[in-house]
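Input: a single structure, listed below in structure tokens.
The values are calculated or read from the model by the stated rules, or taken from the named source; none is laboratory data. A quick note: this is a predicted structure, and the numbers were derived from the prediction, not measured. Glycine also receives a Cβ, built like all others from the backbone with ideal geometry; neighbour counts cover every protein chain displayed.
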Amino acid sequence: MAAVWISSLMRDLTAGQDRVRVSGATVAEVIDGLEAIHPGVKERLLVKGQLAPGIMVSVDDKRALRGLQEQVGGESDVRFLPLMAGG
């Protein structure tokens, strides 16, 4: 199972857990797995079936350029990160 690191902005949905293990071969499947055990995650991450504006996903410390279709390995680290703005 992949380890999904939960940002502090989403821990209210995971009862404070900073890491959750879920199955999934793609980022989309990982989100579905998260939603099954922590309802509300999908609504926070997706808008109209796409990653929400301001959310970036990385798999194994590399930006997931294929977005929801990015492949996820059984031992992958997946992170959903808020994009920073400003300068």
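When we screen 4, 30 for residues that are among the β-branched types (Val, Ile, Thr) and in a strand (DSSP E or B), the only hit is 4.
For the stretch 43-87: of the residues being within 13 Å of residue 6 (Cα to Cα) and of a type outside the set (A, V, I, L, M), which is surrounded by the fewest Cβ atoms within 10 Å (Cβ to Cβ)? My answer is 82. Identify all residues within the stretch 22-37 that are farther than 12 Å from residue 2 by Cβ, within 12 Å of the chain's Cα centre (by Cα) and of a type outside the set (Asp, Glu); write none if there are none. Passing the criteria: only 28.
Note on the stretch 1-25: residues that are crowded, with 17+ Cβ neighbours inside 10 Å and in contact with a strand residue (DSSP E or B) (Cβ under 9 Å, 6 or more places away or on another chain) amount to 8. Of all residues in the stretch 17-27 being of a type in the set (A, V, I, L, M, F, W, C) and outside any strand (DSSP E or B), which is nearest to residue 70 (Cα to Cα)? Checked the stretch 17-27; the qualifying residue nearest to residue 70 (Cα to Cα) is 27.
Residue 39 meets each of the listed conditions (1) outside any helix (DSSP H, G or I); (2) under 14 Å from residue 80 (Cα atoms); (3) free of Cβ contacts under 8 Å to residues at least 40 places away in the same chain apart from (2).
Among the residues of the stretch 26-37, write down those that are surrounded by 13 or more Cβ atoms within 10 Å (Cβ to Cβ) and not hydroxyl-bearing (Ser, Thr, Tyr). Residues satisfying the conditions are 27, 28, 29, 30, 31, 32, 33, 34, 35.
Checking each residue in the stretch 76-87 for being modelled with pLDDT under 95 and assigned to a loop (DSSP other than H, G, I, E, B) picks out 83, 84, 85, 86, 87.
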